[in-house]
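Worksheet: the structure to be examined is printed underneath.
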Amino acid sequence: MSWTEGRGQKRGSLDPVQLLDTGVVGQLTELLALGALVSFGMSRDGGSLSCTVTYEGEWDREWFRDCSELGAWLTEAVRAIDAQASARPPATGGSQRSANGAPRRSR
């Protein structure tokens, strides 16, 4: 008997398209515009959707079964990241570096 036997059986599946098509797209767009990385995944049994938001090396992940919980969590993520981005000093035009911090190559 394998340790995975009996796991991952469908207990009621969640439709990720339906979950994401309920107004959270606006919040996702706001997070992306702020420079956050947003990723999604499904539980093995198909009953939950995970959402991970990463900003400046810090991340938070939660699991959701309905859109109202996801929407509330994303609203808080937008507020927190917007506050953090607003507190950052403006970039100076000093050196030109790529997104990974390496100097940009000239062509």
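Each value in this text was obtained by applying a stated rule to the coordinates, not by laboratory testing. Just so you know, these numbers come straight off a predicted model, no measurement behind them. Every residue, glycine among them, receives a Cβ derived from its backbone with ideal geometry; neighbour counts consider all protein chains shown.
Would you please give the residues with an amide H less than 5 Å from that of Glu62, counting only those at least 5 places away or on a separate chain, with H modeled from the backbone geometry?
So Glu62 has HN proximity to Cys51.
Considering only the other residues whose Cβ falls under 13 Å of the Cβ of Glu76, what net charge follows from Lys and Arg at +1 and Asp and Glu at -1?
In short, -4.
Determine, for Thr54, Thr29, the number of other Cβ atoms within 10 Å of each Cβ, and report the residues in order from fewest to most.
Ascending Cβ contact count within 10 Å gives the list Thr29, Thr54.
At a 10 Å Cβ-Cβ cut-off, how would you order Asp45, Asp21, fewest neighbours first?
The order, fewest Cβ neighbours first, is Asp21, Asp45.
What list do you get for Trp63, Trp73 if you sort them by fewest beta carbons within 10 Å?
Ordered by Cβ neighbours within 10 Å, fewest first: Trp63, Trp73.
What are the ³J(HN,Hα) couplings of the range 67-83, residue after residue, when phi is run through the Karplus curve with 6.51, -1.76, 1.60 and θ = phi - 60°? Round to Hz, x for glycine and proline.
After applying 6.51 cos²θ - 1.76 cosθ + 1.60, I find 6, 5, 5, 4, x, 5, 5, 5, 4, 5, 5, 4, 4, 5, 6, 4, 5 Hz.
Hey, quick one: spin label on Thr22, modelled 7 Å out along Cα-Cβ, who in the range 62-90 has an amide N within reach, i.e. under 20 Å?
62-79
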